[in-house]
Each structure stands twice: as C-alpha cells, then as structure tokens.
Amino acid sequence: MQGFEWHVPADQLHWQRLRKAIPDLKDIGIDNIWIPPGCKGMDPTGTGYDIYDLYDLGEFDQKGNRATRWGPKEDLEDLVYTAQERSIGIYWDTVLNQKAGADSTERFAAVKVDPEDRNTEVSQPEIIDGWVGFGFPGRGCKYSSMKYHWQHFTGVDWDQKHKEHSIYKTLGQNKTWAKDVSDEYGNYDYLMFANLDHSHPEMGEWLGTELPISGMRIDAAKHYSASFQKEFVNHLRNTVGTNYVLMGEYWRGEVDLLLGYLRFMEYEVSLFDVPLLGRFAAISKMAGGDLRKIFKGSLVERSPKHAVTFVGNHDTQPGQSLETIIAPFFKPLAYSLILLRAQGQPCVFYGDLYGIKGGPEPQYGSSCHGRLPILTRARKLYAHGEQRDYFNRRNCIGQYLFLPFNGLDLLQNVQDFNGSSSYKRMFIGLKHAGEMWTDILEWRDETVLIDRSGHGIFPVAAMSVSVWVNSRAKGRRHLHRPFNENIYAL
C-alpha cells in the first residue's frame with residue numbers, strides 16, 4: 001500500500017497514524033507499506049519531495065522545525081519497528097534528483113534554456129545568484145560531512161540576482177545535462193528546484209543500517225542519470241542485501257521505453273505500470289470500450305515480474321501534476337483486475353482506502369464503496385495458483401484462479417458499458433460440481449450452482465464487478481470484518 005496522499009495534514013502525526021493502522025492493514029492483507037519521503041523538506045509543511053537534507057529524518061532543528069511534516073524521527077522508528085513486528089515491510093521513498101531550501105545563494109555562470117527544448121540555449125552566458133549553498137547548520141557533520149555548492153548542480157530555476165524565473169543550465173568544466181535521461185523536452189534532466197549533478201550512493205547504505213526498511217521507491221527515475229541509478233542499485237545490493245525491493249518511478253506511457261530502462265538496469269528494479277493506468281483511465285471514460293484489450297501494451301503484459309500495478313497515487317489524484325482520472329464506477333473493476341490476478345505486484349493507494357483530505361475533489365472514505373478491503377483480503381486468501389482468462393467478449397470479461405493444493409477457487413467477473421446486467425459461463429472443474437458460489441462483494445445476491453459438467457453461469461450487474469467464491473471456502477466469514485476507514489480517528 002502507498003501510505004499517504006498529497007493532502008495528508010501537515011500535523012506531524014502521520015507516522016503515528018500509520019503505526020496505529022498497522023493491525024487493520026495486516027488484517028486486510030497488506031504486506032508492505034510505501035511511506036512518503038521521510039527526509040527534511042524545505043519548510044515544516046514540506047512533503048520530502050522538496051528535499052533539503054537526506055540525513056535529517058526529523059532529528060535536527062532545521063528549516064523551522066525538528067520534526068518533518070510526517071513526524072519526528074522517534075515516531076518514524078516506532079512505525080518501522082511496529083511494522084517489522086507484524087511482518088510488514090517498509091519501502092522508503094528515495095528522492096535523489098533535486099534539492100530545495102538552500103541555506104545560501106552562490107554566484108556562478110549559467111545560461112537560459114528553452115523550457116520546451118532544454119538542449120537549446122536562449123541567452124548569452126551570464127552570472128547569476130542561485131540557491132545552491134547547503135551547509136546544514138542544524139545537523140552539522142553528523143552522519144555525513146558532505147556539503148553542497150554550485151558545482152554539485154546542473155541547473156536551477158531562479159536567479160536571485162535579477163529576481164527572474166527561468167530554467168538556467170549551470171556552466172563550467174564538464175557541466176551539461178545528463179545524457180541518459182528521458183528525451184522529453186529535448187532532455188528532461190531538469191525537473192525542479194536545484195537539479196543535482198552529484199549524489200552519494202552511500203546514503204542508501206546509511207539509511208539501510210539506520211532503519212530496518214525492506215526496499216525503496218526511486219523517485220523521478222527518468223530525470224537523472226540511469227548510469228548513476230545503476231551504480232546506486234548495485235551499491236544497495238552489495239551493502240544492504242539482494243532481497244531489497246526496488247521500485248522505479250519512470251513515468252512514461254510507452255511500454256517499450258519502460259522495457260528499455262529495465263534492460264539497462266539488468267532487471268534489478270521493478271517499474272510502476274503507467275501504460276496500464278492510462279488504459280484504465282481511457283477505457284473507464286469510453287462508452288463501448290473493449291475490455292478484452294485492457295492489458296494490451298501494459299508492462300504487466302510484457303514483463304509481469306517487474307510490473308507494479310496500481311489504480312492511482314499521490315501524483316495522479318485530482319489537481320496534481322500527473323492527474324489521471326479513472327471514472328468512479330470503474331475503480332472497483334480496476335482493483336479487482338490487479339488484485340485478483342497472478343501477474344504483477346499490485347499497490348493499493350491510501351487515497352482509495354482512506355479518502356483524500358483536500359484538493360479540487362475531496363473524497364471521504366473508500367473510493368470502492370467499502371469493498372477495497374474485501375478485495376485485498378480475497379487476494380490474500382484465494383488469489384494463488386493457475387490463472388485462466390475469459391477475455392472473449394468486449395463488454396464482459398472474467399478471470400479465474402484455481403488453487404491446486406486445497407481445492408478452493410476464486411473467480412472474478414467484470415461487466416462494462418452496455419447498460420444492463422450480463423453473465424459469463426465458466427468452467428470451474430468437475431470436482432466442484434454441486435457447489436454453491438456467491439458474490440463476496442454482494443453486488444449480486446444470487447447463488448450459483450456448479451453443474452454436473454463443472455460449469456457455472458455467473459451474473460454481474462451493469463458497469464460493475466462481482467467476485468464469486470465457494471460459499472464454504474476457508475476464511476469466507478472473515479472477508480467482511482469491519483475495517484476502520486477513518487484513519488484520522490485512530
């Protein structure tokens with residue numbers, strides 16, 4: 001689960017909230033939590049993507065506060081160790097592309113570039129004052145003696161000398177944009193704030209010894225050197241461990257570009273399946289969309305072991321930079337597709353489980369009418385073994401999962417767009433003849449009898465999903481245990 005959304009209150013209580021929620025999350029089948037960047041941001045409300053100090057986890061009085069937006073270091077440690085006691089892993093959100101909130105300006109030579117083509121210079125070289133001096137006076141040299149100066153950055157977006165906003169490329173010996181980045185805008189090395197030209201792989205090693213975390217999300221992977229990332233990943237593998245989970249945020253909708261990155265990284269990382277998210281959004285708004293092609297061109301189709309499948313995150317929620325809106329009725333369908341499927345590594349979004357606290361479209365409670373915890377529990381209990389797809393009708397598809405060891409089965413059935421209920425006849429197996437199956441989501445109240453030939457005819461409501469399970473399946477009565485959606489009251 002992604003353990004935050006963009007509008008979580010800046011009350012320094014979030015580590016406590018997550019810690020208190022861990023028993024509930026464990027109960028619904030969450031195995032790992034991706035937490036927000038826990039390093040000190042540029043001000044007390046900073047999310048950590050506006051990163052100031054990699055080595056301040058809410059321990060030092062810097063940038064107007066000791067704690068980060070999410071809480072003090074002690075609360076972070078309590079969260080991580082509580083999760084460890086419950087066998088829940090913690091994934092750290094690692095921000096290495098940029099730095100913000102510098103302590104001082106420095107004077108250096110730079111040139112303006114065209115924002116639409118960063119390879120094109122649009123001014124003569126000039127001397128600017130950029131916010132690039134990072135001395136970390138509150139921390140001093142504890143944990144690291146590294147300080148940052150203009151030489152450590154390739155670009156900034158503000159000249160304090162002339163009070164001018166533009167994208168400035170730093171000039172100097174061997175100074176240029178990294179070549180092995182996304183080719184958007186000619187070269188997408190520069191993203192925001194002061195753009196790093198230098199960082200230390202040792203930071204990941206320090207974090208791995210400071211806290212017992214299980215993995216990392218690599219933020220903004222398309223914006224800085226892939227060669228450096230490869231070095232960073234290899235360093236982590238050699239120091240922290242080979243079982244360390246690494247997920248890259250390489251935000252491109254073209255699956256071949258994602259596959260190229262994975263090949264370069266020697267498949268040591270996984271990537272978020274951006275193409276699949278795009279298909280979910282497009283087909284949810286397209287009357288008569290063809291569900292048979294829902295996975296076409298996705299990363300989970302092409303490289304299932306390296307695909308992190310998801311339905312939304314902090315950047316795609318309404319009002320954010322990568323806003324990707326999925327029609328509300330389609331979200332339960334999308335979650336059933338990723339959670340009840342053998343391929344991929346599904347990630348549940350905090351905002352879909354607990355709601356969104358602000359922005360243009362606040363959301364109160366689960367986006368799936370309270371069914372999301374049922375789907376995650378169903379995955380934990382039943383989504384194992386052989387998979388069989390029934391993708392044979394454009395408006396009605398099914399997935400069937402067979403558990404060869406204990407005889408329990410799970411079927412999920414999706415119907416879409418034609419404005420009336422539908423059904424799908426599926427083969428369950430001769431040994432299941434005579435069994436009674438019901439919809440665990442309770443959007444259909446029928447009982448389906450498996451006939452003598454091992455087939456069942458499973459109905460589904462219009463523009464909806466039903467998940468059918470043997471009525472006597474192990475754990476069935478636990479699927480509807482209460483789940484506290486109000487994390488802010490914990």
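The values are calculated or read from the model by the stated rules, or taken from the named source; none is laboratory data. All of these numbers come straight from a predicted model, not from anything done at the bench. Because the Cβ atoms are built from the backbone with ideal geometry, glycine has one as well, and the counts that use them run over all protein chains shown. With ligands, DNA and RNA removed, areas are computed over all heavy atoms of the protein, side chains included. Shrake-Rupley method; radii C 1.70, N 1.55, O 1.52, S 1.80 Å.
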1/(1 + (r/R0)^6) with r = Cβ-Cβ of S321 and R452, R0 = 41 Å, i.e. FRET efficiency to nearest 0.05, evaluates to 0.15
Sequence neighbours fewer than 8 away in the same chain don't count; with that in mind, list the aspartates and glutamates whose C-alpha is under 16 Å from K296. E254, D256, D273, D389
For the stretch 43-153, report the accessible area per residue in Å² (1.4 Å probe, heavy atoms, rounded to an integer). 39
Below 12 angstrom from the Cβ of R107, what's the summed charge of the other residues (Lys, Arg +1; Asp, Glu -1)? -3
Where a ≥ b ≥ c are the square roots of the eigenvalues of the C-alpha gyration tensor, would you call the stretch 273-344 rounded, which needs a/c under 1.5, or, failing that, prolate if a/b is larger than b/c, or oblate? oblate
Expressed as a whole-number percentage, the relative contact order of the chain with C-alpha contacts under 8 angstrom and at least six residues apart is 11
222 nm [θ] for the chain, helices only, -39500 (n - 2.57) per DSSP H run of 4+, per residue, to 500? -6000 deg cm²/dmol
Rounded if a/c is under 1.5, else prolate if a/b is larger than b/c, else oblate: which is the stretch 253-394, with a ≥ b ≥ c the root eigenvalues of its Cα gyration tensor? rounded
Listed highest first by mean packing, meaning other Cβ atoms within 10 Å per residue, what order do 318-329, 21-32 come in? 21-32, 318-329
Round to the nearest 10 and give me the degree value, 0 to 90, for the angle of helix 274-284's Cα axis relative to the longest principal axis of the chain. 50
Of 443-452, 307-316, ordering from highest average Cβ density within 10 Å down gives 307-316, 443-452
Loop-located GluC sites (Glu not before Pro) in the stretch 194-268 whose Cβ has at most 12 other Cβ within 10 Å (DSSP): E254, E266
Considering only C-alpha atoms, what is the centroid distance from the stretch 266-337 to the stretch 362-380, in Å? 17
For the chain, longest principal axis from Cα atoms; helix 226-239 axis from its Cα atoms; angle between them, nearest 10 degrees, is 70
Any idea what angle helix 73-85 forms with the longest principal axis of the chain, computed on alpha-carbon atoms, 0 to 90 degrees, nearest 10? 30
Residue-wise, which Karplus ³J(HN,Hα) couplings in Hz belong to the stretch 53-61, taking 6.51 cos²θ - 1.76 cosθ + 1.60, θ = phi - 60°, and x for glycine or proline? 9, 5, 9, 10, 9, x, 10, 10, 7
Packing-based order for 453-459, 296-302, using average beta carbon neighbours within 10 Å, highest first: 296-302, 453-459
A convex hull over the alpha carbons of the stretch 114-188 yields, per residue, a volume in Å³ of 126
Could you grab the relative contact order for the stretch 283-396? Cα pairs under 8 Å, six or more apart, rounded to a whole percent. 30
Normalised by the number of residues in the stretch 1-148, what is the relative contact order in percent for Cα pairs under 8 Å and 6+ residues apart? 22
So which aspartates and glutamates can K63 reach, going by Cα to Cα under 17 Å and dropping same-chain residues fewer than 8 places off? D11, D43, D50, D53, D103
When a/c is below 1.5 the answer is rounded, else prolate if a/b is larger than b/c, else oblate, so apply that to the chain with a ≥ b ≥ c taken from the square roots of the Cα gyration tensor eigenvalues. prolate
How many percent of Cα pairs in the stretch 40-84 exceed 11 Å? 60
Roughly speaking, to the nearest percent, how much of the stretch 1-116's 1.4 Å accessible area is carbon and sulfur? 43
